[in-house]
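The values are calculated or read from the model by the stated rules, or taken from the named source; none is laboratory data. Treat the numbers as computed from the prediction; the structure is a model and nothing was measured. Cβ: placed from backbone, ideal geometry, glycine included. Neighbour counts: every protein chain shown.
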């Protein structure tokens, strides 16, 4: 089993529901969801281009997938995650927008968010003790020869190259695409997500995801609300 600590909106959030339709799977229930009917893009094409992000579920990575350290147990991680989330204050994300990231599309922030960058780094550090060290085979699968020096150092120190100063918040929506496909996929994404991207998105929880067996789809195991319990009750 592998775990990951991510951000994803609550199960009933309009953005969550829109993403479930686009990706074809609800990351909370694990159930298949019918793809939308979009002009110029067939349902079978959406299914093909979303196969990779569908398996990982709608999320933004904070602590990338890891095996639990052999000296530790899930219950201890859950207790620490609940405690840690309680020390954080919820905040509103800058507006999200569709963007191309290399050869795939995802949701990114319209402007930097230092508060989010700080939180992401804190999550990586706080929960690294729960991560089993990477094997040499796992390191090789991450193509270390293609990484920059800081990314390579992050991979060995934190188990993932894109953390700390290399962190960039994004929520993947497609797998790799050929260049000729970019305009058509982008148009479909904008048409599908436009109704929900005008609404603010609250960053108010940390989500523990699980992959129950190798190759299985990731699913939300539990949500851990941010903020003191007393403050949440008052709100």
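Among the residues here, residue 177 does not qualify as surrounded by 13 or more Cβ atoms within 10 Å (Cβ to Cβ), part of a strand (DSSP E or B) and in contact (Cβ under 8 Å) with a residue 24 or more places away in the chain. Among the residues of segment 137-162, those identified as outside any helix (DSSP H, G or I) and surrounded by 13 or more Cβ atoms within 10 Å (Cβ to Cβ) are 142, 147, 159, 160, 161, 162.
Would you please name the residue that is surrounded by the fewest Cβ atoms within 10 Å (Cβ to Cβ), looking only at residues in segment 16-28 that are assigned to a loop (DSSP other than H, G, I, E, B) and either free of Cβ contacts under 8 Å to residues at least 60 places away in the same chain or in contact with a helix residue (DSSP H, G or I) (Cβ under 6 Å, 6 or more places away or on another chain) (or both)?
24
Residue check: is residue 49 within 30 Å of residue 179 (Cα to Cα) and touching a residue at least 60 places away in the same chain (Cβ under 8 Å)? So residue 49 passes the test.
Put simply, of 168, 111, 131 the only residue that is touching a strand residue (DSSP E or B) at 6+ places or on another chain (Cβ under 9 Å) and under 30 Å from residue 190 (Cβ atoms) is 168. Take the conditions (1) touching a residue at least 12 places away in the same chain (Cβ under 8 Å); (2) farther than 18 Å from residue 4 by Cα; (3) surrounded by fewer than 19 Cβ atoms within 10 Å (Cβ to Cβ); residue 44 misses just one of them, which is (1). Checked against (1) buried (at least 18 other Cβ atoms within 10 Å of the Cβ); (2) in a strand (DSSP E or B); (3) touching a helix residue (DSSP H, G or I) at 6+ places or on another chain (Cβ under 8 Å), residue 9 passes all but condition (2).
Contact map, segment 147-164: first residue touching a residue at least 12 places away in the same chain (Cβ under 8 Å) and at positive phi, second residue surrounded by fewer than 16 Cβ atoms within 10 Å (Cβ to Cβ) and assigned to a loop (DSSP other than H, G, I, E, B), Cβ cut-off under 9 Å, separation 6 or more or different chains; pairs are 159/132; 159/133.
Consider segment 176-202 and keep the residues that are closer than 19 Å to residue 20 by Cβ and in contact with a helix residue (DSSP H, G or I) (Cβ under 7 Å, 6 or more places away or on another chain). The one that is modelled with the lowest pLDDT is 199.
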